[in-house]
Amino acid sequence: MGWKAAEKLIRHWKILRGDNVMIIRGKDKGETGLIKRVIRSQNRVIVDGKNLVKKHIKQGEGHTGGIFSIEAPLHVSNVQVVDPVTRKPCKVGYKYLEDGTKVRYARGMNASGAVIPRPEILKERRKPRPTSPGPKDTPIELVLEKTYDEKAGIGQPDL
């Protein structure tokens with residue numbers, strides 16, 4: 001289970017974290033679940049509660065050892081997004097609506113053509129934005145200071 005980079009990375013991902021997917025190959029074939037994590041450097045995804053493997057962990061300071069079940073990554077080609085209408089696996093396409101918004105839709109042979117909504121979990125940030133200024137942030141007084149005035153000639157470069 002060592003880390004291995006993919007030979008050819010997928011540039012435009014159509015499967016997102018929080019999507020409802022069906023596993024189409026492997027020991028959990030035919031089961032559905034939500035995507036817990038996307039590993040873009042390996043072209044793999046982790047589906048919540050699926051593809052469980054046994055991991056032997058040695059006892060150390062602060063934790064007990066034993067045999068644990070963890071979710072192993074699946075290659076992205078082994079999962080497909082579930083059509084929200086037919087509940088069958090389908091391909092994902094992009095199109096623009098009349099109002100100009102770009103949406104994902106179900107496409108393929110058994111697909112309904114329905115719009116696949118963007119997962120709600122993507123609206124949350126994984127790392128929250130810092131609320132207090134750090135040591136490298138510019139103070140607000142310097143940001144709001146007026147350093148250029150065309151009429152008075154302040155801030156003009158000497159040519």
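With only Lys, Arg, Asp and Glu charged, each at its Cβ (+1 for the first two, -1 for the last two), find how big the charge dipole of the chain is about the Cα centre; round to the nearest 20 debye.
Working: 32 positive and 18 negative charges, 239 e Å.
Charge dipole of the chain: 1140 debye, to the nearest 20.
Taking 0.36 nm per intervening residue step and subtracting the Cα-Cα distance, what contour gain separates Lys127 from Leu34 on full extension? Please report the intermediate quantities before stating the final value.
Details: separation 93, 0.36 × 93 = 33.48 nm, distance 2.08 nm.
Here the segment from Lys127 to Leu34 would lengthen by 31.4 nm.
First obtain the Kirkwood hydrodynamic radius of the range 1-109 from its Cα pairs, then insert it into the Stokes-Einstein equation at 20 °C and 1.002 mPa s, and state the resulting D in µm² per second as a whole number. My calculation gives 136 µm²/s for D.
How much length is gained if the chain between Glu61 and Leu97 is pulled fully straight, taking 0.36 nm per residue apart and subtracting their Cα-Cα distance, in nm to one decimal? Separation in residues times 0.36 nm, less the Cα-Cα distance, equals 7.3 nm.
Applying 0.36 nm per residue to the separation of Met109 and Lys136 and subtracting their alpha-carbon distance, the gain on full extension is 4.3 nm.
Based on alpha-carbon centroids, what's the gap between the range 63-109 and the range 1-59 in Å, whole number please? About 11 Å separates the Cα centre of the range 63-109 from the one of the range 1-59.
Pop out the Kirkwood hydrodynamic radius of the range 1-47 from its pairwise C-alpha distances, inverse of mean 1/r, in Å to one decimal. For the range 1-47, the Kirkwood estimate is 11.7 Å.
Quickly estimate the mean residue ellipticity at 222 nm for the chain, helices only: each DSSP H run with n ≥ 4 gives -39500 (n - 2.57), and the total goes over all residues, rounded to 500. If you can, show how the numbers build up before the last one.
Details: 1 runs with 5 residues, N = 159.
Value at 222 nm, helices only: -500 deg cm²/dmol.
For the set Lys95/Lys127; Lys29/Lys102; Lys8/Lys136; Lys55/Lys123; Lys4/Lys27, the pairs lying more than 28 angstrom apart at their alpha carbons are Lys95/Lys127; Lys29/Lys102; Lys8/Lys136; Lys55/Lys123.
Protection proxy ranking, highest mean first, for peptides 100-112, 15-27: 15-27, 100-112, where packing is the per-residue count of other beta-carbon atoms within 10 Å, averaged.
Placing a label point 7 Å from the Cα of Lys88 along the Cα-to-Cβ direction, the residues of the range 111-133 with a backbone N closer than 15 Å are 111-114.
FYI, it's all coordinate maths here, none of it is from the lab. No experiment lies behind these values; they were computed from the predicted model shown. A quick note on method: Cβ atoms are made from the backbone with ideal geometry, for glycine too, and the neighbour counts reach across all protein chains shown.
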